[in-house]
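Asker: Let me begin by handing over the structure; questions about it come next.
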Amino acid sequence: MATIALSSPLSQGNPEALSLSQQTAQYLQKYTPSRLPIPIPLLSSPESTDLWASYEKLLLSCLRTGDDKSAHECLEKLIQRFGATNERVMGLRGLYQEAIADGDTALEKILREYEEVLEGGSANTPIMKRRIALLRNLGKTNGAIDALVELLDASPTDIEAWSELADLYLSQGFFSQAEYCLEEILLVAPNAWNVHARLGELLYMGLGNNESNAPKLLAESIRRFCRSIELCDGYLRGYYGLKLTTDRLSKMIQKDPKVLSNSSSTTDSDEIPMPTEQIVNALHEKATSALAQIARKADSGQHSEVELLAVKSLLDKSAQSATR
């Protein structure tokens with residue numbers, strides 16, 4: 001049997017998902033689970049953890065490509081092997097039901113089924129997560145937030161849940177709560193460069209609500225972007241954010257040369273000092289140079305067309321601003 005790459009389904013592109021779903025029929029034909037009343041390893045078909053992980057990945061790929069029939073067959077294989085009450089299988093079954101549901105009425109029925117499973121105080125994490133996803137899909141944001149808080153009370157190191165909660169808070173304009181969620185992720189995964197960059201973006205987005213404290217927010221945002229680049233050299237998102245933030249802080253310095261010194265006047269000895277004007281300019285030049293290099297290597301295939309267009313647009317705006 002050919003081996004299926006066990007990368008995360010979330011990282012699959014559409015062509016990869018389509019290719020995998022087209023392999024489903026072949027996999028279903030090649031593996032037939034034992035139908036003996038008592039499982040006997042010597043008389044059963046060989047199996048491994050990777051085999052069942054492959055079935056799960058095939059199931060998800062089929063749902064993405066609309067092949068509901070093959071997805072159902074994969075689900076049935078998993079139910080035969082692990083049982084209908086297995087928590088992971090229950091979550092996959094719920095996902096399948098959501099995918100084939102016809103309208104909000106059917107989705108509301110599935111939501112009630114999730115709630116019935118959880119009524120007895122069962123800590124069924126896959127069902128809890130499916131319920132959260134469904135609440136969000138139905139536009140019940142407050143309910144999804146409450147459910148995520150409940151999930152995190154039971155599982156405080158769940159990075160996926162903290163990330164989802166940060167997105168929900170951000171969608172409601174709650175910047176400080178979203179920042180807290182991302183900080184919690186970094187307690188678990190301190191070297192997550194994408195989360196450092198996301199924090200930098202969040203601080204930059206929050207400038208409109210806190211203009212009086214803008215220099216400090218920009219300085220902290222710059223620090224986050226620098227950390228993301230330090231952890232992942234050549235990280236486009238980090239350099240993009242670094243250029244945005246240093247450009248804005250440079251313009252503030254031009255308008256008021258004392259803006260950095262005024263923001264540094266504090267009695268808090270634990271506070272990180274503000275960067276100097278020379279450091280801000282040097283970081284701005286470094287970000288501009290790195291983005292220009294990324295734009296020149298557009299044919300390398302490392303970045304999407306949308307990312308490259310955003311980089312070129314930012315560089316063009318910066319060049320036009322410099323010539324005025």
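Asker: Listed residues Y240, Y235; which is at pLDDT 90 or above, under 30 Å from the mean Cα position of the chain (by Cα) and open to solvent by 50 Å² or more (accessible area, probe 1.4 Å)?
Answerer: When all the criteria are applied, what remains is Y240.
Asker: Oh, and also: Please work out if G234 is of a type in the set (G, A, S), not in a helix (DSSP H, G or I) and not assigned by TED's automatic domain parsing to the domain that holds Q254.
Answerer: No, not satisfied.
Asker: Ok, one more. Filtering region 277-322 down to residues that are in contact with a Leu (Cβ under 7 Å, 6 or more places away or on another chain) and modelled with pLDDT under 90, which residue is surrounded by the most Cβ atoms within 10 Å (Cβ to Cβ)?
Answerer: Top of the filtered list is H303.
Residues checked against (1) over 15 Å from G200 (Cα atoms); (2) aliphatic (A, V, I, L, M); (3) modelled with pLDDT of 85 or more:
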| site | (1), (2), (3) |
| --- | --- |
| D247 | no, no, yes |
| V259 | yes, yes, no |
| T267 | yes, no, no |
| R324 | yes, no, no |
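Asker: Still on this structure, I have one more. Under 8 Å by Cβ, and 6 or more places apart or on different chains, what pairs join a residue from region 179-201 that is in a helix (DSSP H, G or I) with one that is hydroxyl-bearing (S, T, Y) and open to solvent by 70 Å² or more (accessible area, probe 1.4 Å)?
Answerer: Going by the 8 Å Cβ cut-off, the qualifying pairs are V188/T157.
Asker: How about region 119-171: which of its residues are open to solvent by 50 Å² or more (accessible area, probe 1.4 Å), within 15 Å of E183 (Cα to Cα) and in a loop (DSSP other than H, G, I, E, B)?
Answerer: P156, T157
Asker: For the structure I just gave you, tell me whether C74 is crowded, with 19+ Cβ neighbours inside 10 Å, within 24 Å of the chain's Cα centre (by Cα) and at pLDDT 60 or above.
Answerer: no
Asker: Follow-up. More than 24 Å from Y169 (Cα to Cα), at pLDDT 95 or above and within 26 Å of the chain's Cα centre (by Cα), is that true of I110?
Answerer: yes
Asker: Does region 282-301 hold any residues that are in contact (Cβ under 8 Å) with a residue 12 or more places away in the chain and not basic (K, R), and which are they?
Answerer: Those that are in contact (Cβ under 8 Å) with a residue 12 or more places away in the chain and not basic (K, R): L283, H284, A287, T288, A290, L291, A292, I294, A295.
Asker: Please enumerate the residues belonging to region 208-229 that are touching a residue at least 12 places away in the same chain (Cβ under 8 Å) and either of a type in the set (D, E) or within 19 Å of P190 (Cα to Cα) (or both).
Answerer: E220, S221, I222, R223, R224, F225, C226, R227, S228, I229
The values are calculated or read from the model by the stated rules, or taken from the named source; none is laboratory data. These figures come from a predicted structure and were not determined experimentally. Please note: Cβ atoms are built from the backbone with ideal geometry, for glycine as well, and neighbour counts cover all protein chains shown. In case anyone asks, the SASA skips ligands and DNA or RNA and just uses the protein heavy atoms, side chains included. Shrake-Rupley method; radii C 1.70, N 1.55, O 1.52, S 1.80 Å.
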